[in-house]
Amino acid sequence: MNNFESRSDVIDARQSSFKRLNYHLDNMVACIDRGNLRLKQEDAVLLLCHPKNNDFKLLAVADGMGGLHYGEKASNLTLRKLITWFEKLPSNYFLSSSELSKIIDDELEDIDEYIRMNIGDCGTTLSLAIHTFCDTILLNVGDSRIYLTDSSGVLSQVSNDQSTCWDLYKDGVIKEKKDIMFHKKNNLIF
């Protein structure tokens, strides 16, 4: 699948009806997989080029928050709002990652408020990358993580969870990163 299919699947809210989807854009790949425990797909993924500059890209993964209702709606709506925001950006922002860094946080706060007002008791985590001329801006919300791979295929985590367990790990209460997933508070994010 290509850039257009990812965008249209988000706009039409089709991703929630599939167990697994793969998308490709240039040398990037994104996949969502519901797994075997959940009945609904709460993940949404987007690979998007700016309409006036194919080198200016937005990549995002949103994952509905476990334990809350309507995670699939929150994740989809977040990406739909990001599409609208990104496609309206002036194409010269491709040259100004500092400008983008200033405005992305405000946009995410507006999206969060919109979701809370229009859907209610729900939420989503988010991992986002915006590729510009000289930088790639990385941002995560909640416990969705961002990893980079080096030329030998080794993955390195480059984001920090916004979670109770991550704070416990940083403070040394949880000794090993792998033990985060087994902690009784591993579902608490902020």
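Please enumerate the residues belonging to the range 97-155 that are in contact with an Asp or Glu (Cβ under 9 Å, 6 or more places away or on another chain), of a type in the set (Gly, Ala, Ser) and in contact (Cβ under 8 Å) with a residue 40 or more places away in the chain.
Result: Ser97, Gly123, Ser127, Gly142, Ser144.
Would you be able to say whether some residue in the range 152-167 is polar (S, T, N, Q), farther than 24 Å from His50 by Cα and either at pLDDT 90 or above or touching a Cys at 6+ places or on another chain (Cβ under 8 Å) (or both)?
Within the range 152-167, one or more residues are polar (S, T, N, Q), farther than 24 Å from His50 by Cα and either at pLDDT 90 or above or touching a Cys at 6+ places or on another chain (Cβ under 8 Å) (or both).
How about the range 70-94: which of its residues are within 17 Å of the chain's Cα centre (by Cα) and of a type in the set (Phe, Trp, Tyr)?
Within the range 70-94, Tyr70, Trp85, Phe86 qualify.
Here is a yes/no grid of residues against (1) more than 19 Å from Asp43 (Cα to Cα); (2) among the charged types (D, E, K, R); (3) surrounded by 11 or more Cβ atoms within 10 Å (Cβ to Cβ):
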position: Arg116; (1), (2), (3): no, yes, yes
position: Cys134; (1), (2), (3): yes, no, no
position: Leu139; (1), (2), (3): no, no, yes
position: Arg145; (1), (2), (3): no, yes, yes
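Is it the case that some residue within the range 59-69 is free of Cβ contacts under 8 Å to residues at least 60 places away in the same chain and either within 21 Å of Asn27 (Cα to Cα) or under 14 Å from the mean Cα position of the chain (by Cα) (or both)?
Scanning the range 59-69, I find no residue that is free of Cβ contacts under 8 Å to residues at least 60 places away in the same chain and either within 21 Å of Asn27 (Cα to Cα) or under 14 Å from the mean Cα position of the chain (by Cα) (or both), so the answer is no.
The values are calculated or read from the model by the stated rules, or taken from the named source; none is laboratory data. Because the structure is a prediction, the values reported are computed rather than measured. Note that each Cβ is placed from the backbone with ideal geometry, even for glycine, and that neighbours are counted across all protein chains shown.
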